[in-house]
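First up is the structure itself, then whatever we jot down about it.
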Amino acid sequence: GAEVILHGDVYDDACAYALSLAEEKGYTFIHPFNDETVATGQGTIAMEIIKELPTVDYILVPIGGGGLCCGVSTLAKMLNPKIKVIGVEPAGAACMKASLKAGHVVTLPKVTTIADGTAVKTPGDIVFPYIQKNVDDIITVEDDDLIAAFLDMMENHKMIVENSGLLTVAALKQLNIRGKKVVSILSGGNMDVITIASVVQNGLIQRDRIFTVSVLLPDKPGELHTVAGILAELQGNVIKLEHNQFVSVNRSNVVELRITLEAFGTEHKERILNELEKRGYRPLLKVPKQIY
């Protein structure tokens with residue numbers, strides 16, 4: 001029965017509007033991260049982790065404003081000071097890393113990231129001292145790595161995790177943790193279907209499982225059939241074909257065939273390109289357009 005209001009492009013915009021509504025209408029404002037009680041509640045995650053895995057070596061925590069990381073790191077260090085707690089931020093919204101470097105809370109001029117749940121310009125000043133004391137390191141993650149992590153989680157674990165929640169998975173490749181017991185906190189699954197489709201598509205392109213190639217052919221009967229035969233031999237699955245007769249003034253000499261394909265990965269893609277080259281078609285890679 002609640003009324004949901006969407007305001008602004010990042011958390012800070014929404015927060016400022018919520019505060020103005022609270023003042024205007026007498027609402028009670030509950031801060032999502034810059035509040036010791038809220039952070040304490042979030043810290044119970046550390047208790048759950050240690051109950052299930054008492055010998056945990058590393059806990060990775062997503063950071064937006066810092067409430068979750070404040071609570072988890074504080075309780076983890078109280079229970080076992082040897083546990084390493086690593087905060088993970090999007091590279092395009094690394095307000096906590098900047099603040100720790102400065103030694104005080106700083107405000108970023110802008111933030112740009114697909115991890116909208118952690119798109120925060122200013123970390124919480126109340127939780128900041130706890131982060132300074134209890135967090136061992138902060139790692140930043142690029143958006144491209146979040147796309148790859150989303151695809152991995154969806155395909156291999158059948159889990160829908162929002163981009164902010166995937167920060168801790170994407171950060172794993174930056175750590176030398178072989179043989180260690182590591183927990184990545186997945187902090188939410190709030191994604192709409194359109195965003196999921198876009199992230200999956202970009203992940204497939206990133207992994208060379210979808211690519212677009214352009215070849216030039218003589219405008220003669222059977223040439224399209226020949227190219228299709230090569231792709232079939234190599235198990236390339238055609239998604240889309242564009243046959244352009246107007247790429248050259250001399251239409252009888254050359255036409256462009258633009259093919260969007262599914263492949264098994266980089267090695268398979270290279271085999272297809274090499275075979276087209278060997279058969280004289282001089283393949284040229286293109287940036288795939290919207291596929292679906």
Checklist entry - Which one is surrounded by the most Cβ atoms within 10 Å (Cβ to Cβ), of the residues in the stretch 171-192 that are touching a strand residue (DSSP E or B) at 6+ places or on another chain (Cβ under 8 Å) and part of a loop (DSSP other than H, G, I, E, B)? => result Ser187
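Of the residues that sit in the stretch 72-82 and are over 24 Å from the mean Cα position of the chain (by Cα) and assigned to a helix (DSSP H, G or I), which one is surrounded by the most Cβ atoms within 10 Å (Cβ to Cβ)?
Ala76
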Item to check | Where Ala91 falls short, out of the listed (1) surrounded by fewer than 19 Cβ atoms within 10 Å (Cβ to Cβ); (2) over 19 Å from Asp145 (Cα atoms) | outcome: (2)
Checklist entry - Is there any pair linking a residue in the stretch 6-25 that is within 15 Å of Val120 (Cα to Cα) and among the hydrophobic types (A, V, I, L, M, F, W, C) to one that is part of a helix (DSSP H, G or I) and modelled with pLDDT under 95, with Cβ under 8 Å and at least six apart or on different chains, and which? => result Val10/Asp116
Item to check | Of all residues in the stretch 201-215 being surrounded by 18 or more Cβ atoms within 10 Å (Cβ to Cβ) and hydrophobic (A, V, I, L, M, F, W, C), the one that is farthest from Arg258 (Cα to Cα) | outcome: Leu204
Item to check | Residue match in the stretch 28-38 (condition: at pLDDT below 95, of a type outside the set (Val, Ile, Thr) and in contact with a Ser or Thr (Cβ under 8 Å, 6 or more places away or on another chain)) | outcome: no
Checklist entry - For the stretch 197-242, which residues satisfy the criterion of being in a strand (DSSP E or B) and among the basic types (Lys, Arg)? => result Lys240
Checklist entry - Here are some residues: Leu108, Leu75. Which one is within 20 Å of Thr140 (Cβ to Cβ) and in contact (Cβ under 8 Å) with a residue 12 or more places away in the chain? => result Leu108
Checklist entry - What residue, among those in the stretch 257-292 that are more than 35 Å from the chain's Cα centre (by Cα) and at pLDDT below 90, is surrounded by the most Cβ atoms within 10 Å (Cβ to Cβ)? => result Tyr281
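Out of Lys77, Lys101, Lys84, Lys97, which single residue is in contact with a Phe, Trp or Tyr (Cβ under 9 Å, 6 or more places away or on another chain) and under 24 Å from Gln174 (Cβ atoms)? Lay out the reasoning, then the answer.
Details: Lys77 fails: in contact with a Phe, Trp or Tyr (Cβ under 9 Å, 6 or more places away or on another chain); Lys101 fails: in contact with a Phe, Trp or Tyr (Cβ under 9 Å, 6 or more places away or on another chain); Lys97 fails: in contact with a Phe, Trp or Tyr (Cβ under 9 Å, 6 or more places away or on another chain).
Answer to the check: Lys84.
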Item to check | Test for Val85: is it in contact (Cβ under 8 Å) with a residue 24 or more places away in the chain, buried (at least 23 other Cβ atoms within 10 Å of the Cβ) and among the aliphatic types (A, V, I, L, M) | outcome: no
Checklist entry - What residue, of Val56, Val38, Val61, is surrounded by 19 or more Cβ atoms within 10 Å (Cβ to Cβ), in the same structural domain as Pro129 (by TED's automatic domain parsing) and assigned to a strand (DSSP E or B)? => result Val61
Next on the checklist: If I filter the stretch 107-159 down to residues being surrounded by fewer than 16 Cβ atoms within 10 Å (Cβ to Cβ) and of a type in the set (Val, Ile, Thr), which single residue comes out as farthest from Glu89 (Cα to Cα)?
Outcome noted: Thr107
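The values are calculated or read from the model by the stated rules, or taken from the named source; none is laboratory data. The shown structure was predicted, so the numbers you read here are calculated from the model rather than taken from an experiment. Here the Cβ is made from the backbone with ideal geometry for all residues, glycine too, and neighbour counts use every protein chain on show.
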